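Down below is the structure, laid out as structure tokens.
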Amino acid sequence: FDLREGETANVGSLRELKAQAEHCKRCDLYKHATQTVFGEGPMQAEIVLIGEQPGDKEDLAGRPFVGPAGAVLNESLSRAGIDRERCYITNTVKHFKFTQRGKRRLHSKPNAGEIRTCAWWLRSELKLIEPKIIVALGTTAAGYLVGKAIRITKDRGTIFRPQNLPPVLVTIHPSYILRIRDRHAANAEQIKFVHDLNRLKEVL
Ligand code: URA
């Protein structure tokens, strides 16, 4: 990932950028999704949090991290003493990709082409915001920003300094915590997540 590589949208504000993204047809994901789920937060944000892609709830609401994973994220940020309102929260891919199972829409991973194509928006967001630090939530964001060799279990809690990007703190995706059935194990994992988020203070 290189912020200088590739063009970005020629706009001066996040509002204009978001308006452009509403009509995005750069890849086919817009065809089945309800709407573009763009990033949200102030242009002055020091922290940019990047997930994978909107989930079912986000697709319907048109806002990032408002579903179950968002609830875990909110609680963890608050435990780490970080105000969500002061962060910019976005996703690597801006449309929900899913497979239909009866009435349920099951999350399906974005592929490398979709990620690369959608990076047009992420690059544009990062150029406008110029954050002090990026938090990569999970493999999709971390792999794209830091490189494919990333292993979340090994690299979580580490701050990487890729060329031409602000520092990137790698951590798990909050939905990982939701998938742990055992409540004690899930709690322990959330404590580790909060611990990772605490490292942000080293850069701010
Ligand atoms: N998971 C993500 O990666 N992003 C969202 O916005 C919601 C869930």
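The values are calculated or read from the model by the stated rules, or taken from the named source; none is laboratory data. Fair warning: this is a prediction, and the values are worked out from it, not measured in the lab. A quick note on method: Cβ atoms are made from the backbone with ideal geometry, for glycine too, and the neighbour counts reach across all protein chains shown. Just so you know, the surface numbers come from the protein's heavy atoms only, side chains and all, with ligands and any DNA or RNA stripped out. Shrake-Rupley method; radii C 1.70, N 1.55, O 1.52, S 1.80 Å.
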Practice item. Kindly establish whether Ala9 is modelled with pLDDT of 95 or more and aliphatic (A, V, I, L, M). Key: no
Review point. Say we look at segment 140-168 and pick out the residues that are within 28 Å of Ala19 (Cα to Cα) and polar (S, T, N, Q); which of these is modelled with the lowest pLDDT?
Key: Asn164
Review point. Looking at Ile50, Ile150, which one is of a type outside the set (Asp, Glu), crowded, with 20+ Cβ neighbours inside 10 Å and more than 9 Å from the ligand (Cβ to nearest atom)?
Key: Ile150
Point to revise | Filter pass, Ala9 being open to solvent by less than 40 Å² (accessible area, probe 1.4 Å), of a type in the set (A, V, I, L, M, F, W, C) and within 17 Å of Leu126 (Cβ to Cβ) | key: yes
Review point. For Arg179, which of the numbered conditions (1) surrounded by fewer than 20 Cβ atoms within 10 Å (Cβ to Cβ); (2) more than 14 Å from the ligand (Cβ to nearest atom) fails to hold?
Key: (2)
Check your understanding: Among the residues of segment 93-104, is any within 8 Å of the ligand (Cβ to nearest atom), of a type in the set (D, E, K, R) and open to solvent by 20 Å² or more (accessible area, probe 1.4 Å)?
Key -> no
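Within segment 125-139, which residues are open to solvent by 20 Å² or more (accessible area, probe 1.4 Å) and farther than 26 Å from His23 by Cβ?
Once the filter is applied, which keeps residues that are open to solvent by 20 Å² or more (accessible area, probe 1.4 Å) and farther than 26 Å from His23 by Cβ, segment 125-139 yields Lys132, Thr139.
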Study note, to complete from the structure: Only unsatisfied item for Glu85, checking (1) modelled with pLDDT under 95; (2) part of a helix (DSSP H, G or I), is (1)
**Study point:** Search result, residues across segment 105-124 that are open to solvent by less than 70 Å² (accessible area, probe 1.4 Å), in contact with a Lys or Arg (Cβ under 9 Å, 6 or more places away or on another chain) and within 15 Å of the ligand (Cβ to nearest atom)
**Key:** Ser108, Pro110, Glu114, Cys118, Trp121, Leu122
Exercise for review: Report those strands (runs of 3 or more DSSP E) wholly inside segment 90-172 carrying at least 1 residues which are in contact (Cβ under 8 Å) with a residue 24 or more places away in the chain and more than 23 Å from Lys192 (Cβ to Cβ).
Suggested key: 98-101, 104-107
Practice item. Answer with yes or no whether Arg79 is more than 18 Å from the chain's Cα centre (by Cα) and either of a type outside the set (Gly, Ala, Ser) or open to solvent by 70 Å² or more (accessible area, probe 1.4 Å) (or both). Key: yes
Study note, to complete from the structure: Residues of segment 155-176 being closer than 25 Å to Ser124 by Cβ, surrounded by 19 or more Cβ atoms within 10 Å (Cβ to Cβ) and polar (S, T, N, Q), in sequence order, are Thr171
Check your understanding: Just one of the numbered conditions (1) aromatic (Phe, Trp, Tyr); (2) surrounded by fewer than 20 Cβ atoms within 10 Å (Cβ to Cβ); (3) under 30 Å from Ala185 (Cα atoms) is not true of Tyr144; which one?
Key -> (2)
